[in-house]
Amino acid sequence: MKIKNIITGFCCSLLLLTPACNDELDYNEIVSYNKADVFGSFDKTMQFVTNVYSYLDYDFGNYYGGAMLASASDESEFAWSYSSIHDFYNGSWSPLNSKTIGWTSHYAAIRAVNMYLVESKGQTFEPFKHNKDYNEQMTRFGRYQYEMRFIRAYLYFNLVREYGDVPLVLDVLDEDQANTLSRDPYQKVIDFIVEECDAIVDELPVVHSSPYTESGRVGRIAVLALKARTLLYDASPLFNTSADKTKWKAAAEANKAVIDACRENSKTLGAYTDLWGTENYNAKEIIFARRIGSLSSLEQYNFPIGVEGGNSGNCPTQTLVDAYEMQSTGKAWDEAGSGYNPDSPYNDRDPRLGMTIVKNGDKGWPAYNPLPIQTYEGGANAAPLTGATPTGYYLKKYCDASVDLRTGTSNTKRHSWVTYRLGEFYLNYAEAVFNYLGSADATDGTLTISARDAVNTIRKRTGVNMPEFPAGLSNAEFEKKYMNERMVELAFEGHRFWDIRRWKKGELLKSITRMKITKDSGDRLTFTRVIKNRSWNDKMYFFPIPDAEIRKNSNLTQNPGW
């Protein structure tokens, strides 16, 4: 295991994965620190803690050469063959090509947290006792330990999600000790995360406004959110192999606690498009956002080919487009009586389709583009241009139309990755309460919102206004519609890749559907669905442990099948 030696001097290398900054919480590049450096002043301690925040994940194409993890699921297909994202489904994935997201970086951050928690105990910053703001700074310092414990628990959730059983390291280890560790059962790690959340939740404010306003820091509702998401995964088929309904009950209660906390603190569902843009971290429903800073790389990766500066990239699939129901009927496109018109396939669709996906004929995308998007064969943004969308679509969600990629007028805009938002927890709750109570319409004395009502809350959000799920759905009908709704609402937010795995629905990744659009001499468009097969094996429910780590530590066992 790559957990470097931390000796008596408590040297800790924190090499940033991605330099980032924002208005309130600056991630500073720290090459090395010893104990005296970290606690030599309030500012140095703050810099150390905020630097650990930089290890929190986000997915703007920063892992796989511009490709988002969505392009390893059925949400998207990456247009360029050079990206290693294709290894997830082309047979190249292996322990030697492990595609690891969190192993090295997460354990590096966990190492830093463990060191901090040991060395921060008893620190009084004696030389600064006569400073005017000493008491306020000590209040701030007192919270850091709980923020760090949250980050450690969050990273362990990511590791369990990725690998299942992982070493649970809570002490400062030297290199020899680190390289003899074994993998702990995932349940032990899950229980640790939940216990940590319970221990720290009341130690953090809802908002960091006293003594200093810092919008980028973890607050109380984020702790509830981590616990709730963790328990949802724990209850899901991949982990809950005995189908223990008490796990679904715990997940339902934890996710309802998030909903209740949001209501008590005036966090509500706002407009869907508020979830991205320069001010998205201030949106009404945001619980925690990973502040990235000003950039244009996301747009460079995803603005259409044929638009100056656009490089194509993560192209939504027809599989995803088909998940958007008809707005007037609330039915799937291929459901009897839906009202779907194959000659006008985007008319009367769930409004979230147009908010998420760039399609043929769209205007003003991006803002400096004077022409409508043309994704039909031979069009300005389509094949045979190299790098053109293979699916018939381009990505809109999370991209900022006001980013300018033209030579001489280029700019950057602030971006923030949504880690937790209220909408997710209505969906999480719906799934958990449905599986616990056994019906989409059921409630009890504690779980007072039905699964159907929770989903309908999402569907009635501002600017969406989709027909409600009707009462009396069979369990199979509700489950299908719920999974569809989750795919739509959370598209490109980093959930689908993991949802398919925790549900053990790997068969969904065996193919994607593309849309082939052709135009005849009379300007009539024809829309044809085309199936693209992909490779899937059930061993892929978990990532392989990197071969290099097993070679260093013979006590690490490999995941089955790898």
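The values are calculated or read from the model by the stated rules, or taken from the named source; none is laboratory data. Because the structure is a prediction, the values reported are computed rather than measured. In this analysis, Cβ positions are derived from the backbone assuming ideal geometry, glycine residues included, and neighbour counts consider all displayed protein chains. Quick note on the areas: whole protein, heavy atoms, side chains included, nothing else; ligands and nucleic acids left out. Shrake-Rupley method; radii C 1.70, N 1.55, O 1.52, S 1.80 Å.
In this structure, is G337 farther than 30 Å from A471 by Cβ and not basic (K, R)?
no
Could you say which residue among T443, T407, T448 is in a loop (DSSP other than H, G, I, E, B) and in contact with an Asp or Glu (Cβ under 8 Å, 6 or more places away or on another chain)?
T407
Name the single residue that is most open to solvent (accessible area, probe 1.4 Å) among those in region 224-268 being assigned to a loop (DSSP other than H, G, I, E, B) and in contact with a Phe, Trp or Tyr (Cβ under 9 Å, 6 or more places away or on another chain).
P237
Would you call Y426 within 19 Å of the chain's Cα centre (by Cα) and open to solvent by less than 20 Å² (accessible area, probe 1.4 Å)?
Details: within 19 Å of the chain's Cα centre (by Cα): yes; open to solvent by less than 20 Å² (accessible area, probe 1.4 Å): no.
In short, no.
Of all residues in region 126-164, count the ones that are more than 15 Å from Y116 (Cβ to Cβ) and either over 28 Å from the mean Cα position of the chain (by Cα) or without any contact (Cβ under 8 Å) to a residue 40 or more places away in the chain (or both).
14
Considering each of N360, N311 in turn, give the residue that is open to solvent by 40 Å² or more (accessible area, probe 1.4 Å), on the phi < 0 side of the Ramachandran plot and within 30 Å of the chain's Cα centre (by Cα).
N311
Can you tell me how many residues within region 180-206 are in contact with a Ser or Thr (Cβ under 8 Å, 6 or more places away or on another chain) and either in a loop (DSSP other than H, G, I, E, B) or within 25 Å of P560 (Cα to Cα) (or both)?
The number of residues fulfilling the criteria is 4.
Which one of these is of a type in the set (A, V, I, L, M, F, W, C) and over 25 Å from M355 (Cβ atoms): I500, I449? Walk me through how you get there before you give the answer.
Working: I500 fails: over 25 Å from M355 (Cβ atoms).
Among I500, I449, only I449 is of a type in the set (A, V, I, L, M, F, W, C) and over 25 Å from M355 (Cβ atoms).
Yes or no: region 542-556 includes at least one residue that is open to solvent by less than 20 Å² (accessible area, probe 1.4 Å) and of a type in the set (V, I, T).
So far as region 542-556 goes, yes, one or more of its residues are open to solvent by less than 20 Å² (accessible area, probe 1.4 Å) and of a type in the set (V, I, T).
Within region 209-221, can you find the residues that are modelled with pLDDT of 85 or more and either in contact with a Leu (Cβ under 8 Å, 6 or more places away or on another chain) or not in a helix (DSSP H, G or I) (or both)?
S209, G216, R217, V218, G219, R220
Mind listing just one residue for me: the one in region 269-307 that is among the hydroxyl-bearing types (S, T, Y) and either surrounded by 22 or more Cβ atoms within 10 Å (Cβ to Cβ) or in contact with a Leu (Cβ under 7 Å, 6 or more places away or on another chain) (or both) and, of those, nearest to T462 (Cα to Cα)?
Y281
Does S83 qualify as being under 30 Å from D322 (Cα atoms), touching a helix residue (DSSP H, G or I) at 6+ places or on another chain (Cβ under 6 Å) and at pLDDT 95 or above?
no
Say whether the condition of being touching a residue at least 12 places away in the same chain (Cβ under 8 Å), in a helix (DSSP H, G or I) and open to solvent by less than 20 Å² (accessible area, probe 1.4 Å) is met by at least one residue in region 168-179.
Taking every residue of region 168-179 in turn, at least one turns out to be touching a residue at least 12 places away in the same chain (Cβ under 8 Å), in a helix (DSSP H, G or I) and open to solvent by less than 20 Å² (accessible area, probe 1.4 Å).
For residues that are in contact (Cβ under 8 Å) with a residue 24 or more places away in the chain, open to solvent by 20 Å² or more (accessible area, probe 1.4 Å) and assigned to a helix (DSSP H, G or I), tally how many sit in region 55-103.
Residues meeting the conditions: 0.
Yes or no: region 347-359 includes at least one residue that is of a type outside the set (D, E), at pLDDT 95 or above and closer than 21 Å to E308 by Cβ.
For region 347-359, residues of a type outside the set (D, E), at pLDDT 95 or above and closer than 21 Å to E308 by Cβ: present.
Please tell me if Y154 is in contact with a Ser or Thr (Cβ under 9 Å, 6 or more places away or on another chain) and hydroxyl-bearing (S, T, Y).
yes
Residue pairs, Cβ under 8 Å, 6 or more apart or interchain, first in region 34-45 and closer than 18 Å to K129 by Cβ, second of a type in the set (G, A, S) and in a loop (DSSP other than H, G, I, E, B). List them.
Taking only residues 6 or more apart or on different chains, the pairs are F39/S120; T45/S120.
Return yes or no: is G379 over 16 Å from M466 (Cβ atoms), out of contact with any His (no Cβ under 7 Å at 6 or more places or on another chain), of a type in the set (G, A, S) and open to solvent by less than 10 Å² (accessible area, probe 1.4 Å)?
Spelling it out, G379 is indeed over 16 Å from M466 (Cβ atoms), out of contact with any His (no Cβ under 7 Å at 6 or more places or on another chain), of a type in the set (G, A, S) and open to solvent by less than 10 Å² (accessible area, probe 1.4 Å).
Kindly list, by first and then second residue, each pair from a residue in region 277-289 that is in a helix (DSSP H, G or I) to a residue that is not charged (D, E, K, R), limited to pairs with Cβ atoms under 6 Å and residues at least 6 apart or on different chains.
That search, which allows pairs on different chains as well, returns N280/S416; Y281/A289; Y281/S416.
Can you tell me which residues in region 108-165 are in contact with a strand residue (DSSP E or B) (Cβ under 9 Å, 6 or more places away or on another chain) and in a helix (DSSP H, G or I)?
Residues satisfying the conditions are A108, A109, R111, A112, M115, Y116, Y154, Y156, L159, V160.
Within region 440-484, which residues are open to solvent by less than 10 Å² (accessible area, probe 1.4 Å) and small (G, A, S)?
A440, S450, A451, A454
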